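Q: There's a structure below that I have some questions on.
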Amino acid sequence: MPVDVLSAQDHISLAERWGAHDSVPFPVVLSEGEGAWMTDVEGRRYLDFHGGYSASNFGHGHPELVAAAKAQLDRMTLSTRAFHHDQYGPFCRELAELTGTETVLLSNSGGEAVDTAVKIARKWAYQVKGVPDGAAEIIVAGANFHGRTTTIVSFSTQASHRAGFGPFTPGFKVVPFGDIDALRSAITGNTAAVLLEPIQGEAGVIVPPKGYLGEVRELCDESNTLFVADEVQCGMARAGSTLALDHEGVRADMYTLGKSLSGGLLPVSAVVGRADVLGVITPGDHGSTFGGNPLACAVGRAAVRLLATGEFQARSRELGAHLHARLAELDGVTEVRGRGLWAGVQLAQERVAGRRVTEELAERGLLCKEAKGHLRVAPPLVVTREEIDLGVDIIADVLG
Ligand SMILES: *Cc1c(COP(=O)(O)O)cnc(C)c1O
(Lines give C-alpha, C1' and ligand atoms only; values in the text may rest on other atoms or scores of the structure.)
Protein backbone atom coordinates (compact mmCIF):
# COMPACT_ATOMS: atom_id res chain seq x y z
CA MET A 1 0.00 0.00 0.00
CA PRO A 2 1.40 3.47 -0.85
CA VAL A 3 2.48 5.28 2.28
CA ASP A 4 0.22 8.26 1.63
CA VAL A 5 -3.01 6.30 1.87
CA LEU A 6 -2.21 4.94 5.32
CA SER A 7 -4.23 6.38 8.20
CA ALA A 8 -2.60 7.75 11.31
CA GLN A 9 -3.57 4.57 13.12
CA ASP A 10 -2.00 2.44 10.35
CA HIS A 11 1.28 4.33 10.79
CA ILE A 12 1.22 3.86 14.54
CA SER A 13 0.50 0.13 14.16
CA LEU A 14 3.35 -0.27 11.68
CA ALA A 15 5.75 1.58 13.98
CA GLU A 16 4.75 -0.60 16.92
CA ARG A 17 4.90 -3.83 14.97
CA TRP A 18 8.15 -3.23 13.05
CA GLY A 19 10.04 -0.60 15.01
CA ALA A 20 11.99 -1.26 18.20
CA HIS A 21 10.18 0.04 21.25
CA ASP A 22 12.75 2.67 22.14
CA SER A 23 10.21 5.43 22.70
CA VAL A 24 6.53 6.02 23.32
CA PRO A 25 5.69 8.73 20.79
CA PHE A 26 2.47 10.69 21.14
CA PRO A 27 -0.24 9.34 18.90
CA VAL A 28 0.37 12.08 16.34
CA VAL A 29 1.87 11.16 12.96
CA LEU A 30 3.70 14.18 11.56
CA SER A 31 4.41 14.62 7.90
CA GLU A 32 5.39 18.25 7.33
CA GLY A 33 6.93 21.16 9.13
CA GLU A 34 7.30 24.84 8.36
CA GLY A 35 8.68 27.44 10.72
CA ALA A 36 7.12 26.86 14.13
CA TRP A 37 4.32 24.69 12.73
CA MET A 38 3.96 20.98 11.98
CA THR A 39 1.26 19.12 10.10
CA ASP A 40 0.12 15.54 10.60
CA VAL A 41 -0.94 12.96 8.02
CA GLU A 42 -4.55 14.00 8.48
CA GLY A 43 -3.78 17.62 7.69
CA ARG A 44 -4.04 18.89 11.27
CA ARG A 45 -1.66 21.68 12.18
CA TYR A 46 0.22 21.95 15.45
CA LEU A 47 2.24 24.75 16.97
CA ASP A 48 5.63 23.31 17.90
CA PHE A 49 6.71 24.08 21.48
CA HIS A 50 9.01 21.06 21.47
CA GLY A 51 11.51 22.25 18.86
CA GLY A 52 13.09 18.85 18.29
CA TYR A 53 14.74 18.97 21.75
CA SER A 54 16.30 22.24 20.54
CA ALA A 55 17.53 20.77 17.25
CA SER A 56 15.04 22.94 15.35
CA ASN A 57 16.11 26.36 16.61
CA PHE A 58 15.81 27.93 13.14
CA GLY A 59 12.36 26.50 12.52
CA HIS A 60 11.33 23.60 10.32
CA GLY A 61 12.53 23.84 6.75
CA HIS A 62 14.38 27.13 7.11
CA PRO A 63 14.76 28.24 3.46
CA GLU A 64 18.48 29.01 3.73
CA LEU A 65 19.29 25.68 5.35
CA VAL A 66 17.17 23.75 2.87
CA ALA A 67 18.73 25.61 -0.06
CA ALA A 68 22.24 24.83 1.24
CA ALA A 69 21.32 21.15 1.61
CA LYS A 70 19.74 20.90 -1.84
CA ALA A 71 22.67 22.59 -3.53
CA GLN A 72 25.14 20.32 -1.77
CA LEU A 73 23.08 17.17 -2.52
CA ASP A 74 23.55 17.93 -6.20
CA ARG A 75 27.29 18.43 -5.84
CA MET A 76 28.70 15.78 -3.47
CA THR A 77 27.72 14.27 -0.13
CA LEU A 78 30.67 12.17 0.96
CA SER A 79 34.40 12.13 0.50
CA THR A 80 35.35 10.75 3.95
CA ARG A 81 38.32 12.24 5.79
CA ALA A 82 40.61 10.25 3.51
CA PHE A 83 40.45 13.26 1.20
CA HIS A 84 39.96 16.99 1.58
CA HIS A 85 36.72 18.51 0.35
CA ASP A 86 35.70 22.08 -0.29
CA GLN A 87 33.18 22.50 2.55
CA TYR A 88 35.31 21.21 5.42
CA GLY A 89 37.96 23.88 5.93
CA PRO A 90 35.52 26.78 5.55
CA PHE A 91 33.04 25.20 8.00
CA CYS A 92 35.73 24.55 10.62
CA ARG A 93 36.95 28.12 10.34
CA GLU A 94 33.47 29.67 10.44
CA LEU A 95 32.37 27.53 13.40
CA ALA A 96 35.55 28.33 15.33
CA GLU A 97 35.08 32.05 14.65
CA LEU A 98 31.43 31.94 15.71
CA THR A 99 32.25 30.17 18.97
CA GLY A 100 35.51 31.97 19.70
CA THR A 101 37.45 28.72 19.64
CA GLU A 102 40.56 27.54 17.81
CA THR A 103 40.04 23.98 16.61
CA VAL A 104 37.06 21.94 15.43
CA LEU A 105 36.55 18.16 15.37
CA LEU A 106 33.39 17.15 13.50
CA SER A 107 31.16 14.18 14.18
CA ASN A 108 27.53 13.18 13.77
CA SER A 109 25.42 12.85 16.93
CA GLY A 110 25.63 14.80 20.15
CA GLY A 111 26.51 11.66 22.07
CA GLU A 112 29.39 11.03 19.68
CA ALA A 113 30.74 14.53 20.31
CA VAL A 114 30.61 13.98 24.08
CA ASP A 115 32.31 10.61 23.73
CA THR A 116 35.00 12.28 21.62
CA ALA A 117 35.49 15.03 24.23
CA VAL A 118 35.93 12.32 26.88
CA LYS A 119 38.63 10.68 24.76
CA ILE A 120 40.42 14.00 24.17
CA ALA A 121 40.28 14.91 27.87
CA ARG A 122 41.73 11.54 28.86
CA LYS A 123 44.54 11.70 26.31
CA TRP A 124 45.30 15.29 27.36
CA ALA A 125 45.47 14.15 31.00
CA TYR A 126 48.06 11.49 30.19
CA GLN A 127 50.12 13.45 27.69
CA VAL A 128 49.99 16.96 29.08
CA LYS A 129 48.94 16.84 32.72
CA GLY A 130 50.97 13.72 33.50
CA VAL A 131 48.20 11.61 35.03
CA PRO A 132 49.35 7.97 35.44
CA ASP A 133 48.13 5.78 32.58
CA GLY A 134 44.59 4.50 33.12
CA ALA A 135 43.92 6.72 36.16
CA ALA A 136 42.23 9.74 34.55
CA GLU A 137 38.97 10.83 36.14
CA ILE A 138 36.21 12.97 34.71
CA ILE A 139 33.80 14.72 37.05
CA VAL A 140 30.18 15.09 35.95
CA ALA A 141 27.00 16.42 37.53
CA GLY A 142 24.03 14.58 38.95
CA ALA A 143 20.94 14.48 36.70
CA ASN A 144 23.20 15.03 33.69
CA PHE A 145 22.20 14.11 30.17
CA HIS A 146 25.03 13.67 27.68
CA GLY A 147 23.66 10.98 25.35
CA ARG A 148 23.20 7.23 25.23
CA THR A 149 26.46 5.50 24.34
CA THR A 150 27.71 2.82 26.73
CA THR A 151 30.39 5.17 28.08
CA ILE A 152 27.96 8.04 28.53
CA VAL A 153 25.30 5.99 30.33
CA SER A 154 28.12 4.83 32.61
CA PHE A 155 27.94 8.23 34.30
CA SER A 156 24.21 8.83 34.01
CA THR A 157 22.34 9.06 37.31
CA GLN A 158 19.06 7.97 35.74
CA ALA A 159 18.39 4.31 36.48
CA SER A 160 16.40 3.70 33.28
CA HIS A 161 19.33 4.87 31.15
CA ARG A 162 21.64 2.32 32.79
CA ALA A 163 19.59 -0.71 33.78
CA GLY A 164 20.67 -3.75 31.81
CA PHE A 165 23.52 -2.03 29.98
CA GLY A 166 26.52 -2.74 32.23
CA PRO A 167 29.38 -3.35 32.69
CA PHE A 168 30.04 0.36 32.75
CA THR A 169 33.04 2.44 31.77
CA PRO A 170 35.03 3.43 34.87
CA GLY A 171 36.70 6.79 35.45
CA PHE A 172 33.75 9.06 36.24
CA LYS A 173 32.71 10.77 39.47
CA VAL A 174 29.32 12.38 40.00
CA VAL A 175 28.77 15.50 42.13
CA PRO A 176 25.53 17.47 42.63
CA PHE A 177 24.96 20.11 39.93
CA GLY A 178 25.47 23.62 41.23
CA ASP A 179 27.41 22.57 44.37
CA ILE A 180 30.86 24.15 44.10
CA ASP A 181 32.11 22.69 47.40
CA ALA A 182 31.28 19.15 46.27
CA LEU A 183 33.19 19.78 43.06
CA ARG A 184 36.18 21.20 44.94
CA SER A 185 36.31 18.07 47.13
CA ALA A 186 36.04 15.74 44.14
CA ILE A 187 38.95 17.17 42.14
CA THR A 188 42.23 15.27 42.56
CA GLY A 189 45.57 15.25 40.81
CA ASN A 190 44.11 12.66 38.43
CA THR A 191 41.15 14.78 37.34
CA ALA A 192 41.26 15.31 33.58
CA ALA A 193 38.09 17.31 33.19
CA VAL A 194 34.85 18.60 34.59
CA LEU A 195 32.05 17.90 32.12
CA LEU A 196 28.82 19.89 32.58
CA GLU A 197 25.78 21.17 30.77
CA PRO A 198 25.86 24.92 31.59
CA ILE A 199 22.07 24.65 31.78
CA GLN A 200 20.78 21.10 32.26
CA GLY A 201 18.23 20.40 29.53
CA GLU A 202 16.81 16.93 30.08
CA ALA A 203 16.81 17.43 33.85
CA GLY A 204 14.17 20.13 33.35
CA VAL A 205 16.02 23.26 32.20
CA ILE A 206 17.98 23.70 35.41
CA VAL A 207 20.00 26.91 35.66
CA PRO A 208 22.82 26.60 38.24
CA PRO A 209 23.21 29.18 41.05
CA LYS A 210 24.59 32.55 39.99
CA GLY A 211 28.36 32.51 39.86
CA TYR A 212 28.67 28.72 39.87
CA LEU A 213 29.99 28.36 36.32
CA GLY A 214 32.60 31.06 36.92
CA GLU A 215 33.68 29.22 40.07
CA VAL A 216 33.95 25.98 38.09
CA ARG A 217 36.25 27.84 35.71
CA GLU A 218 38.40 29.06 38.63
CA LEU A 219 38.62 25.59 40.19
CA CYS A 220 39.63 24.14 36.83
CA ASP A 221 42.31 26.81 36.40
CA GLU A 222 43.70 26.24 39.91
CA SER A 223 43.88 22.48 39.45
CA ASN A 224 44.96 22.33 35.78
CA THR A 225 41.71 20.60 34.88
CA LEU A 226 39.77 20.99 31.63
CA PHE A 227 36.31 22.54 31.70
CA VAL A 228 34.16 20.79 29.08
CA ALA A 229 30.78 22.41 28.42
CA ASP A 230 28.16 20.23 26.78
CA GLU A 231 26.21 22.79 24.76
CA VAL A 232 24.47 20.26 22.51
CA GLN A 233 21.09 21.47 23.77
CA CYS A 234 21.68 24.85 25.43
CA GLY A 235 23.98 26.21 22.71
CA MET A 236 23.25 27.62 19.24
CA ALA A 237 21.20 30.59 20.57
CA ARG A 238 18.70 28.54 22.54
CA ALA A 239 19.54 30.27 25.83
CA GLY A 240 19.75 33.78 24.34
CA SER A 241 23.46 33.75 23.48
CA THR A 242 25.41 31.77 20.90
CA LEU A 243 26.75 29.56 23.71
CA ALA A 244 24.94 29.42 27.04
CA LEU A 245 28.25 30.01 28.85
CA ASP A 246 28.64 33.36 27.03
CA HIS A 247 25.90 34.71 29.28
CA GLU A 248 28.20 34.19 32.30
CA GLY A 249 31.25 35.54 30.50
CA VAL A 250 32.88 32.17 31.08
CA ARG A 251 34.97 30.22 28.57
CA ALA A 252 35.29 26.45 28.50
CA ASP A 253 38.34 24.60 27.19
CA MET A 254 36.13 22.41 25.01
CA TYR A 255 32.49 22.60 23.98
CA THR A 256 30.35 19.88 22.51
CA LEU A 257 27.77 21.02 19.95
CA GLY A 258 25.05 19.18 18.07
CA LYS A 259 21.29 19.38 17.60
CA SER A 260 20.83 22.86 16.01
CA LEU A 261 24.32 22.82 14.52
CA SER A 262 22.47 21.59 11.41
CA GLY A 263 19.19 23.33 12.24
CA GLY A 264 17.66 19.89 12.60
CA LEU A 265 18.23 18.90 8.98
CA LEU A 266 20.66 16.07 9.59
CA PRO A 267 22.95 14.86 12.38
CA VAL A 268 25.95 17.18 12.72
CA SER A 269 28.01 17.52 15.88
CA ALA A 270 31.36 18.88 16.91
CA VAL A 271 33.90 19.28 19.64
CA VAL A 272 35.30 22.82 19.50
CA GLY A 273 37.92 24.28 21.77
CA ARG A 274 41.53 25.10 22.51
CA ALA A 275 44.04 24.17 19.84
CA ASP A 276 46.48 22.72 22.39
CA VAL A 277 43.78 20.50 23.90
CA LEU A 278 42.30 19.16 20.65
CA GLY A 279 45.88 18.96 19.45
CA VAL A 280 46.44 15.73 21.41
CA ILE A 281 44.46 13.99 18.66
CA THR A 282 46.83 12.75 15.95
CA PRO A 283 46.09 10.85 12.72
CA GLY A 284 44.69 7.41 13.36
CA ASP A 285 43.56 8.19 16.93
CA HIS A 286 40.00 8.85 16.07
CA GLY A 287 37.69 8.94 13.08
CA SER A 288 34.21 8.74 11.65
CA THR A 289 33.06 7.81 8.14
CA PHE A 290 30.40 10.50 8.04
CA GLY A 291 31.92 13.02 10.46
CA GLY A 292 32.56 16.29 8.64
CA ASN A 293 30.93 15.12 5.41
CA PRO A 294 30.26 17.71 2.69
CA LEU A 295 26.49 17.76 3.20
CA ALA A 296 26.87 18.22 6.97
CA CYS A 297 29.44 20.97 6.46
CA ALA A 298 27.36 22.82 3.86
CA VAL A 299 24.29 22.82 6.11
CA GLY A 300 26.39 23.64 9.18
CA ARG A 301 27.87 26.62 7.33
CA ALA A 302 24.36 27.90 6.63
CA ALA A 303 23.43 27.48 10.31
CA VAL A 304 26.57 29.37 11.36
CA ARG A 305 25.65 32.17 8.92
CA LEU A 306 22.21 32.43 10.54
CA LEU A 307 23.79 32.67 13.99
CA ALA A 308 26.46 35.15 12.89
CA THR A 309 23.86 37.91 12.51
CA GLY A 310 22.87 37.71 16.19
CA GLU A 311 19.20 37.82 15.17
CA PHE A 312 18.30 34.46 16.67
CA GLN A 313 20.12 35.19 19.92
CA ALA A 314 18.19 38.48 20.20
CA ARG A 315 14.86 36.80 19.40
CA SER A 316 15.58 34.18 22.04
CA ARG A 317 16.25 36.84 24.68
CA GLU A 318 13.34 39.12 23.81
CA LEU A 319 10.68 36.52 23.15
CA GLY A 320 12.05 34.44 26.04
CA ALA A 321 11.34 37.25 28.49
CA HIS A 322 7.76 37.35 27.22
CA LEU A 323 7.37 33.56 27.35
CA HIS A 324 8.70 33.38 30.92
CA ALA A 325 6.45 36.22 32.10
CA ARG A 326 3.36 34.61 30.58
CA LEU A 327 4.12 31.12 31.90
CA ALA A 328 4.81 32.39 35.41
CA GLU A 329 1.27 33.81 35.61
CA LEU A 330 -0.45 30.49 34.96
CA ASP A 331 -2.49 28.68 37.56
CA GLY A 332 -1.00 25.30 38.33
CA VAL A 333 2.57 26.37 37.57
CA THR A 334 4.87 26.42 40.59
CA GLU A 335 8.13 27.45 38.94
CA VAL A 336 9.43 28.59 35.55
CA ARG A 337 13.14 27.95 35.00
CA GLY A 338 15.48 28.64 32.14
CA ARG A 339 16.99 31.33 30.03
CA GLY A 340 16.06 32.73 26.64
CA LEU A 341 13.26 31.09 24.72
CA TRP A 342 13.56 27.96 26.79
CA ALA A 343 11.57 27.08 29.87
CA GLY A 344 11.22 24.25 32.34
CA VAL A 345 7.70 24.69 33.64
CA GLN A 346 7.18 22.93 36.96
CA LEU A 347 3.58 21.85 37.38
CA ALA A 348 1.71 21.63 40.68
CA GLN A 349 1.31 18.00 41.71
CA GLU A 350 -2.49 18.02 41.54
CA ARG A 351 -2.43 19.30 37.94
CA VAL A 352 -0.18 16.52 36.76
CA ALA A 353 -1.71 13.62 38.63
CA GLY A 354 -4.09 11.49 36.64
CA ARG A 355 -3.75 13.25 33.32
CA ARG A 356 -1.44 13.17 30.37
CA VAL A 357 -0.88 16.89 30.02
CA THR A 358 1.04 16.55 26.77
CA GLU A 359 -1.69 14.47 25.14
CA GLU A 360 -4.27 17.09 26.00
CA LEU A 361 -2.00 19.81 24.63
CA ALA A 362 -1.59 17.86 21.37
CA GLU A 363 -5.35 17.41 21.11
CA ARG A 364 -5.63 21.19 21.24
CA GLY A 365 -2.91 21.70 18.66
CA LEU A 366 0.23 22.24 20.73
CA LEU A 367 3.23 19.90 20.65
CA CYS A 368 5.20 19.93 23.88
CA LYS A 369 6.95 17.30 25.97
CA GLU A 370 6.34 16.61 29.60
CA ALA A 371 8.73 14.82 31.95
CA LYS A 372 8.78 14.19 35.69
CA GLY A 373 6.19 16.82 36.49
CA HIS A 374 7.44 19.54 34.22
CA LEU A 375 6.91 20.73 30.68
CA ARG A 376 9.89 21.68 28.58
CA VAL A 377 9.01 24.59 26.31
CA ALA A 378 11.50 25.14 23.48
CA PRO A 379 9.77 26.53 20.38
CA PRO A 380 11.82 27.15 17.26
CA LEU A 381 13.34 30.62 17.63
CA VAL A 382 11.38 31.81 14.57
CA VAL A 383 8.16 31.64 16.61
CA THR A 384 6.34 34.99 16.88
CA ARG A 385 5.04 36.75 19.97
CA GLU A 386 1.48 36.00 18.84
CA GLU A 387 2.29 32.31 18.44
CA ILE A 388 3.82 32.25 21.91
CA ASP A 389 0.61 33.75 23.28
CA LEU A 390 -1.43 31.17 21.40
CA GLY A 391 0.64 28.32 22.83
CA VAL A 392 0.60 29.66 26.38
CA ASP A 393 -3.19 30.12 26.14
CA ILE A 394 -3.49 26.43 25.21
CA ILE A 395 -1.31 25.46 28.19
CA ALA A 396 -3.45 27.68 30.43
CA ASP A 397 -6.59 25.97 29.10
CA VAL A 398 -5.25 22.49 29.75
CA LEU A 399 -3.99 23.33 33.25
CA GLY A 400 -7.09 25.37 34.12
C1 LIG B 1 20.59 15.59 23.19
C2 LIG B 1 21.83 15.76 23.98
C3 LIG B 1 22.96 14.95 23.77
C4 LIG B 1 22.95 13.77 22.84
O5 LIG B 1 22.73 14.14 21.53
P6 LIG B 1 22.29 13.00 20.46
O7 LIG B 1 22.37 13.69 19.14
O8 LIG B 1 20.93 12.57 20.84
O9 LIG B 1 23.28 11.89 20.60
C10 LIG B 1 24.11 15.24 24.48
N11 LIG B 1 24.14 16.23 25.36
C12 LIG B 1 23.08 17.02 25.60
C13 LIG B 1 23.19 18.14 26.59
C14 LIG B 1 21.87 16.80 24.94
O15 LIG B 1 20.80 17.55 25.20
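Q: Based on DSSP, what percent of beta bridges with both residues in the chain are antiparallel, to the nearest 5?
A: Once the DSSP bridges in the chain are tallied, antiparallel ones form about 65 percent.
Q: Above 20 angstrom, tally the Cα pairs of region 29-179 and express them as a % of all pairs, no decimals.
A: Numbers: 7765 of 11325 pairs.
Pairs farther apart than 20 Å: 69 percent.
Q: Return the single residue from T99, T242, T289 with maximal mean-square fluctuation; model: Gaussian network over the chain, springs between Cα atoms under 10 Å.
A: T289
Q: I would also like to ask the following. If R0 is 35 Å, what FRET efficiency do you get for D389 and S7 from their C-beta distance, rounded to 0.05?
A: Calculated transfer efficiency: 0.60.
Q: Probe radius 1.4 Å, ligands and nucleic acids ignored: give me the carbon and sulfur share of the accessible area of region 63-308 as a rounded percent. Spell out each step's value before the answer.
A: Numbers: 5300 of 9710 Å².
Answer for region 63-308 is 55 percent, counting heavy atoms of protein chains only.
Q: Could you pull the accessible area for L105 with a 1.4 Å probe, rounded to 10 Å²?
A: 40 Å²
Q: Heavy atoms only, probe 1.4 Å: what % of the accessible area of region 332-400 goes to carbon and sulfur, would you let me know?
A: Ligands and nucleic acids excluded, carbon and sulfur give 45 percent.
Q: What is the calculated FRET efficiency for L78 to A325, with r their C-beta to C-beta distance and R₀ = 60 Å, to the nearest 0.05?
A: 0.80
Q: Another question, if that's okay. Assuming R0 = 45 Å, what is the FRET efficiency of E215 and R93, from their Cβ-Cβ distance, to the nearest 0.05?
A: Using R0 = 45 Å, I get an efficiency of 0.85.
Q: Enter the accessible area per residue of the chain (Å², integer; probe 1.4 Å; all protein chains in place).
A: 43 Å²
Q: What's the lysine pair count for the chain at a Cα cut-off below 27 Å, pairs eight or more apart or interchain?
A: Final tally of qualifying lysine pairs is 14.
Q: Another question about this same structure. Please give the net charge around L219, taking every other residue with its beta carbon less than 11 angstrom from that of L219, where Lys and Arg add +1 and Asp and Glu add -1.
A: Net charge around L219: -3.
Q: Continuing with the same structure: Please check the chain for the longest run free of chymotrypsin sites (Phe, Trp or Tyr not before Pro) that are loop-located per DSSP (anything but H, G, I, E, B) and have at most 15 other Cβ atoms within 10 Å.
A: 169-400
Q: Further question: Hey, if we sort D246, D181 by accessible area with the 1.4 Å probe, largest down, what's the order? Could the numbers behind the result be given before it?
A: Details: D246 60, D181 95 Å².
Putting D246, D181 in descending order of accessible area: D181, D246.
Q: Something else now. Run the simple label-point estimate for R45 and D179 please: 7 Å along Cα→C-beta, distance reported in nm.
A: If labels sit at R45 and D179, their model points lie 4.9 nm apart.
Q: Over the alpha-carbon set of the chain, divide Rg by the Kirkwood Rh and report the Rg/Rh ratio to two decimals.
A: Value, to two decimals: 0.96.
Q: For H146, H84, H62, give me the order by solvent-accessible area with a 1.4 Å probe, most accessible first, ignoring ligands, DNA and RNA.
A: The ranking, largest first, comes out as H84, H62, H146.
Q: Still on this structure, please answer the following. Once amide H atoms are built 1.01 Å from N in the peptide plane, which residues 5 or more positions from L226, or in another chain, come under 5 Å H to H?
A: Those qualifying (amide H under 5 Å, at least 5 residues apart or on another chain) are A193, V194.
Q: Counting only Cα, what are the radius of gyration and maximum Cα-Cα distance Dmax of region 181-305, in Å?
A: 15.6, 45
Q: Who wins for biggest fluctuation among S223, S31, S109 in a Gaussian network model of the chain, springs between alpha carbons below 10 Å?
A: S31
Q: Could you check the simple spin-label distance between E318 and F168, using points 7 Å along Cα→Cβ, in nm with one decimal?
A: In this crude label model, E318 to F168 measures out at 4.6 nm.
Q: Given +1 on the Cβ of Lys and Arg, -1 on the Cβ of Asp and Glu, and no further charges, what dipole in debye does region 70-185 carry about its Cα centre, rounded to the nearest 20?
A: The calculated dipole for region 70-185 is roughly 240 debye.
Q: Determine the calculated [θ] at 222 nm for the chain from helices alone, applying -39500 (n - 2.57) to every DSSP H run no shorter than 4 residues and normalising by the residue count; nearest 500 deg cm²/dmol.
A: -10500 deg cm²/dmol
Q: Oh, and also: All other residues with a Cβ under 11 Å from the Cβ of T150 taken together, and with Lys, Arg as +1 and Asp, Glu as -1, what is their net charge?
A: The answer is +1.
Q: Another question about this same structure. Once the dipole of region 63-308 is set up with Lys and Arg at +1 and Asp and Glu at -1 on Cβ about the Cα centre, which of T77, A135, N108 lies farthest towards its positive end?
A: T77
Q: Work out the charge dipole of the chain with +1 on the Cβ of Lys and Arg and -1 on the Cβ of Asp and Glu about the Cα centre, then indicate which of G284, S13, F172 is farthest towards its positive end.
A: After comparing all options, I get G284.
Q: Shifting gears a bit: Binning at 5 Å from 0, report for region 320-379 what percent of all alpha-carbon pair distances ends up in each bin.
A: 4, 20, 28, 29, 16, 3, 0
Q: Ranked from the most accessible area to the least, with a 1.4 Å probe and all protein chains present, what is the order of I206, I180?
A: I206, I180
Q: In addition: What full-extension length gain, to one decimal in nm, is calculated for A67 and E102 as 0.36 nm per residue of separation minus the Cα-Cα distance?
A: 9.8 nm
Q: Taking each full run of DSSP H in the chain as one helix, which ones are at least 20 Å long along their axis (Cα atoms) and have mean Kyte-Doolittle hydropathy of at least 1.0? Let's see the in-between values first.
A: On the way: long enough: 110-124 (21 Å, -0.23); 294-308 (21 Å, 1.35); 311-328 (25 Å, -0.57); 385-399 (21 Å, 0.59).
Membrane-span-like by this criterion, though nothing is claimed about a membrane: 294-308.
The values are calculated or read from the model by the stated rules, or taken from the named source; none is laboratory data. Note that this is a predicted model, so its numbers are computed, not measured. All Cβ positions, even for glycine, are placed from backbone atoms using ideal geometry, and neighbour counts span all protein chains on display. Note: areas computed on protein heavy atoms with side chains; ligands, DNA, RNA excluded. Shrake-Rupley method; radii C 1.70, N 1.55, O 1.52, S 1.80 Å.
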